Structures are given as structure tokens and as C-alpha cells.
Amino acid sequence: MGEIVIQNVNKIYPSEIQGELHALYNINIRLEKGESLAIEGESGSGKSTLARLLIGMEKPTSGTILLDGEDMTQWSYGTWKSRRKKIQAVFQDSSGTLNPARSAFSNVEEALINLTSFNRKERKKRIYDLMDAVSMDHRLLDTPVRRLSGGEQRRLSLLRAIAIEPDYLIMDEVTSGLDLISADAVLTLVENAVKLHRCSCIFVTHNRKDAMRISDRIAIMQNGRIVEQGQLIK
């Protein structure tokens with residue numbers, strides 16, 4: 001049974017004013033394969049910092065993060081590249097995961113080429129099926145990413161992450177700023193990924209309604225600390 005285990009994680013940033021800024025205090029979370037966890041909190045609570053640690057964008061000041069028994073905090077860049085099939089992330093700002101000069105199709109296909117054994121026909125079908133799932137016009141596939149709206153880029157980034165069927169999916173405010181139809185399409189795609197592929201999700205949000213729709217459990221953060229954890233009653 002796979003799992004993510006966050007043990008006694010702290011994150012401290014240097015600060016000219018305060019000397020140091022303690023962004024995360026002694027975070028402990030366990031997520032088993034197939035589970036979905038919402039991390040809820042207001043801006044500045046530390047939830048996005050935790051998401052960055054989980055995808056290797058930053059390292060904790062202390063503590064460990066185990067992915068299927070391996071300490072992710074010790075992974076080299078090469079190890080992270082070799083584990084991208086296992087764990088994917090989608091952030092509110094999608095600019096870091098998409099190539100703005102290439103078409104939408106090319107951006108998604110690149111992940112499938114690098115991380116799956118799909119042939120050209122299978123890749124095309126996979127992309128078209130997922131485009132339908134997030135209510136995106138197939139004609140957008142020929143459009144350079146820089147010409148897509150922010151909401152379209154975010155849906156494309158999620159589509160790209162889910163296309164390779166990762167074991168773990170980290171999502172940071174993926175519905176924030178989207179209209180109701182787009183947000184519903186995004187959440188439906190995530191729900192399907194969880195059901196069909198037993199993808200484990202960590203869903204970072206400030207929206208309790210979205211958290212309840214997607215997740216089995218919730219951890220509430222305030223000022224860098226987890227103040228409450230428990231099952232979501234739906």
C-alpha cells in the first residue's frame with residue numbers, strides 16, 4: 001500500500017524584518033493511496049508552502065516527507081525527474097508547467113511521450129477525451145498556450161497532469177477564479193481520476209464546498225500550523 005507521510009516538517013525563511021519567518025510548524029500528515037485530503041486555510045496559513053514542499057519546489061528546514069517509503073526531501077533533480085509518473089502538481093499559476101510558445105496539444109502530448117507508453121493514436125484519443133471532460137473546445141489544441149486565458153491554462157495544466165495517470169496529485173487552489181461551469185468541469189475531472197485510477201489527491205483550497213466534494217478528510221491550517229484534522233461528513 002502506497003502512502004505519503006509528512007513527519008515533523010518545519011519551514012523557516014530568512015526575513016530582514018523578523019530575522020526569520022516560521023512558515024510551517026511541526027506538520028504531521030499521513031495520506032494512503034486512494035485517499036483524498038483537503039488542506040484548507042486562509043491566505044498566509046502555510047498551505048501553499050506545504051504544496052511546494054510536496055512537489056520538490058522547496059525543501060523543508062527540518063522533518064521528512066516519505067513517498068511510498070522514500071524520503072522525498074533527499075531526492076536529487078534526477079530522482080525527481082524519474083518519479084514524475086508517480087506525483088504531479090497543478091498550481092493556481094500554471095505558467096511554470098506549460099510552454100507558452102507551444103500549442104495546447106503539444107504541451108499535453110509532451111507529458112504523454114515522456115511518461116507513458118502510449119502510441120500517437122492513443123495519445124491523441126487520451127487528449128481529446130480529457131478535453132471533453134473539462135469542457136474545452138478541441139480547436140484550442142492548435143492554439144499557442146500564451147493565447148489561452150488564465151482559466152484555460154489552468155484546466156490545460158490539470159489535464160496534462162491527469163493524462164499520465166499519476167499515483168498522487170497535488171492541487172493548489174485549482175478552482176480559484178474560475179467561473180462555475182469551468183470549476184465544475186475541473187472538479188469532475190478530478191473525481192473521475194480518483195475513481196478510475198485510485199489517484200490520491202491533496203487538494204489545497206480555501207473553499208469548504210469544493211473540499212467536501214473532492215476529499216475524504218480535511219486538515220485545517222492557521223498560521224503555519226494544523227489546528228484540526230478529521231473525516232469530512234458528506
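The values are calculated or read from the model by the stated rules, or taken from the named source; none is laboratory data. This one's a predicted model, so the numbers in the text were calculated from it and none came from an experiment. All Cβ positions, glycine included, derive from the backbone under ideal geometry; neighbour counts span all protein chains shown.
Filter region 25-50 down to the residues that are small (G, A, S), assigned to a loop (DSSP other than H, G, I, E, B) and under 18 Å from T205 (Cβ atoms) and list them by number. Break it down stepwise before answering.
Within region 25-50, the subset small (G, A, S) is 34, 36, 38, 41, 43-46, 48.
Checking the rest, the ones that are also assigned to a loop (DSSP other than H, G, I, E, B) come to 34, 41, 43-46.
Matches in region 25-50: G41, S43, G44, S45, G46.
Across region 110-136, what is the total count of residues that are surrounded by 14 or more Cβ atoms within 10 Å (Cβ to Cβ) and polar (S, T, N, Q)?
2
Could you list all residues from region 62-72 that are surrounded by fewer than 17 Cβ atoms within 10 Å (Cβ to Cβ) and either part of a strand (DSSP E or B) or touching a helix residue (DSSP H, G or I) at 6+ places or on another chain (Cβ under 9 Å) (or both)? Don't jump to the end; show me each part of the working.
Within region 62-72, the subset surrounded by fewer than 17 Cβ atoms within 10 Å (Cβ to Cβ) is 62, 64, 66, 68-71.
Hits for region 62-72 are S62, T64, L66, E70, D71.
Just to check your reading of the model, which residue among D179, D172 is out of contact with any Leu (no Cβ under 8 Å at 6 or more places or on another chain) and at pLDDT 90 or above? So that I can check it myself, show each step before the final result.
Values: D179 fails: at pLDDT 90 or above.
Answer to the selection: D172.
Quick one: what pairs do we get from region 30-56, first residue free of Cβ contacts under 8 Å to residues at least 40 places away in the same chain and aromatic (F, W, Y), second part of a strand (DSSP E or B) and surrounded by fewer than 21 Cβ atoms within 10 Å (Cβ to Cβ), C-beta under 9 Å, 6+ apart or different chains?
none
Search region 193-234 for residues being under 15 Å from the mean Cα position of the chain (by Cα) and among the polar types (S, T, N, Q), and hand back the single one that is surrounded by the fewest Cβ atoms within 10 Å (Cβ to Cβ).
T205
What number of residues within region 188-208 satisfy the criterion of being within 21 Å of L50 (Cβ to Cβ) and at pLDDT 85 or above?
Going through region 188-208 one residue at a time, the tally reaches 11.
Could you say which residue among E16, E3, E35, E20 is at pLDDT below 95, more than 21 Å from R208 (Cα to Cα) and within 16 Å of the chain's Cα centre (by Cα)? Before you say what the answer is, go through the steps one by one.
Values: E16 fails: within 16 Å of the chain's Cα centre (by Cα); E35 fails: more than 21 Å from R208 (Cα to Cα); E20 fails: within 16 Å of the chain's Cα centre (by Cα).
It is E3.
Could you grab the pairs with beta carbons closer than 9 Å, sequence gap of 6+ or different chains, first residue in region 140-165 and farther than 18 Å from K85 by Cα, second one among the aromatic types (F, W, Y) and surrounded by 21 or more Cβ atoms within 10 Å (Cβ to Cβ)?
Every condition considered, the pairs that remain are R154/F91.
Just need a number here: residues in region 13-24 that are in a strand (DSSP E or B) and surrounded by fewer than 16 Cβ atoms within 10 Å (Cβ to Cβ).
So in region 13-24, the residues in a strand (DSSP E or B) come out as 13-15, 19-24.
Now narrow it down to the ones that are surrounded by fewer than 16 Cβ atoms within 10 Å (Cβ to Cβ): 13-15, 19-21.
Residues that pass the stated criteria total 6.
Only residues that are aromatic (F, W, Y) and either part of a loop (DSSP other than H, G, I, E, B) or touching a strand residue (DSSP E or B) at 6+ places or on another chain (Cβ under 9 Å) (or both): list them for region 117-170, please.
Taking region 117-170 and keeping what is aromatic (F, W, Y), we get 118, 128, 168.
Selection gives F118, Y168.
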